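Everything on this sheet refers to the single structure shown next.
The values are calculated or read from the model by the stated rules, or taken from the named source; none is laboratory data. If you're wondering where the values come from, they're calculated on a predicted model, not measured in any experiment. Neighbour counts are summed over all protein chains in view; Cβ atoms, including those assigned to glycine, are modelled from backbone coordinates with ideal geometry.
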Amino acid sequence: MDNAKNMSIAALICGILGIVGSFIPVVQYFTLILAILGIVFGVKGRKMAADNEKGLATAGLVLGIIGTAFAAIGVICVVCAAGIFAAAGMAA
């Protein structure tokens with residue numbers, strides 16, 4: 001059971017760092033990976049935990065999903081902005 005708790009804590013930490021880092025422009029590329037790891041650790045933690053100990057893993061899973069969504073939206077915005085700037089540079 002101790003391993004399940006460690007997975008749950010890792011999921012929570014990765015999920016929190018994924019959300020916080022998704023708002024920082026250059027760091028969002030690295031925190032996207034952390035948020036995905038939060039999802040993976042959250043699922044593994046939920047599978048290994050007992051029925052009454054799944055709360056921490058669920059929180060890490062949810063935070064990982066939210067962090068992944070925020071970071072993915074940020075990356076998409078950066079790619080679109082780069083495309084706009086490139087098109088504007090070629091038109092001038």
query: If you scan segment 24-70, which residues turn out to be at pLDDT 90 or above, aromatic (Phe, Trp, Tyr) and farther than 15 Å from Ile13 by Cβ?
result: Phe70
statement: Of the conditions (1) within 14 Å of the chain's Cα centre (by Cα); (2) surrounded by 16 or more Cβ atoms within 10 Å (Cβ to Cβ), the single one that Phe23 does not satisfy is (2)
message: Taking the conditions exactly as written (surrounded by fewer than 18 Cβ atoms within 10 Å (Cβ to Cβ), free of Cβ contacts under 8 Å to residues at least 24 places away in the same chain and among the β-branched types (Val, Ile, Thr)), does Val79 satisfy them or not?
response: yes
- request: Please specify each residue of segment 21-35 satisfying the condition of being in contact (Cβ under 8 Å) with a residue 12 or more places away in the chain and among the β-branched types (Val, Ile, Thr).
  value: Thr31
